[in-house]
Amino acid sequence: MSGHEQDPAAFWEQRYGGVERVWSGSVNAALAAVVTEHVDPSGSALACVDDGPRRRDAVGQPRSLDLGCGEGGDVLWLAERGWDASGLDLSPTAVARAKDEAQARGLRAHFIVTDLSEWAEQTFAAGASDAYELVTASFLQSPVRLPRTDVLRAATRHVVPGGYLVVISHGAPPAAAAGEDSGHCHHAPDSFPTPASELAGLALDPTDWDVVVNESWARDGVTSRGERVAATDIVTVARRLTGEASD
Ligand SMILES: C[S@@+](CC[C@H](N)C(=O)[O-])C[C@H]1O[C@@H](n2cnc3c(N)ncnc32)[C@H](O)[C@@H]1O
């Protein structure tokens, strides 16, 4: 059976269920770097909630949403920094691990099993009902069916004016070079964006968005065997404009 014929929920559940832990549990380095530099320059989300027309939750925290959160490393890092942080993922096992880790660290974060294909369809059909100061997607890439472009375009509709969209992607299969079957090796060749193709896929309206970062970053990756491999991250940060300048 080819990758795209496999059931995505079964594929990812098997991937997570087959090992104790798939990812490191730490925040992705590129996400931490761009949030620290561009989104949350003060070092604390709580310190900037009065800066602009930001929506807050009932206790005054800015809200973040991570798409394809896996075991929750990025969500928990944001929660530690004061965000009212949520993550969506298809795999119940990954979501359960993320919840357990939040509890173990004493963090309040929300994790919900969600099929982002349906979430994107609902967004386009009904419009976005939730609005976030920050929507993130780190390595939302899959060797099985995933309407990634639709999901990312839907994501743009969930960002409040003044808020940010951060997308981090593999620009190439990270571990294949070392002969490791990480699951990435079976992706279609066009699964790995360039900065230009990532931006084209997002189709951001320039009157509504300011592209802050759209670059290819080199990174040292480490395989499950502990071998160091070169990896390429495609890093895109866009800020939704408030529209104030044209009022
Ligand atoms: C390469 S992993 C990245 C996980 C995490 N963001 C990280 O950086 O460690 C891709 C994630 O997307 C999730 N995913 C794939 N297809 C999905 C879908 N249709 N709906 C929700 N999540 C999906 C998978 O379960 C997996 O956790």
Kirkwood hydrodynamic radius of the range 55-118 from all distinct Cα pairs, in Å? 11.5
How much space per residue, in cubic angstrom, does the convex hull of the C-alpha atoms of the range 128-167 take up? 61
Residue order for 219, 228 - accessible surface, 1.4 angstrom probe, largest first: 228, 219
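Per residue, what accessible area does the range 52-165 have, given a 1.4 Å probe and all protein chains present, in Å²?
Per residue, the range 52-165 has an accessible area of 38 Å².
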Once ligands and nucleic acids are excluded and a 1.4 Å probe is used, how much of residue 110 is accessible, expressed in Å² to the nearest 10? 60
Which of the trypsin sites (Lys or Arg not before Pro) found in the range 84-114 are loop residues per DSSP with 12 or fewer other Cβ atoms within 10 Å of their Cβ? 108
Would you mind checking which residues have amide H under 5 Å from residue 138's amide H? H placed 1.01 Å from N; only 5 or more apart, or other chain. 67, 168
Order these peptides, 77-84, 134-141, by their mean beta-carbon neighbour count within 10 angstrom, highest first. 134-141, 77-84
Considering the convex hull of the alpha carbon atoms of the range 101-164, report its projected area averaged over all viewing directions, in nm², one decimal. 5.5
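The values are calculated or read from the model by the stated rules, or taken from the named source; none is laboratory data. It should be emphasised that the depicted structure is a prediction, and the values quoted were computed from it without experimental measurement. Note: ideal-geometry Cβ built from the backbone for every residue, glycine included; neighbour counts use all protein chains shown. Quick note on the areas: whole protein, heavy atoms, side chains included, nothing else; ligands and nucleic acids left out. Shrake-Rupley method; radii C 1.70, N 1.55, O 1.52, S 1.80 Å.
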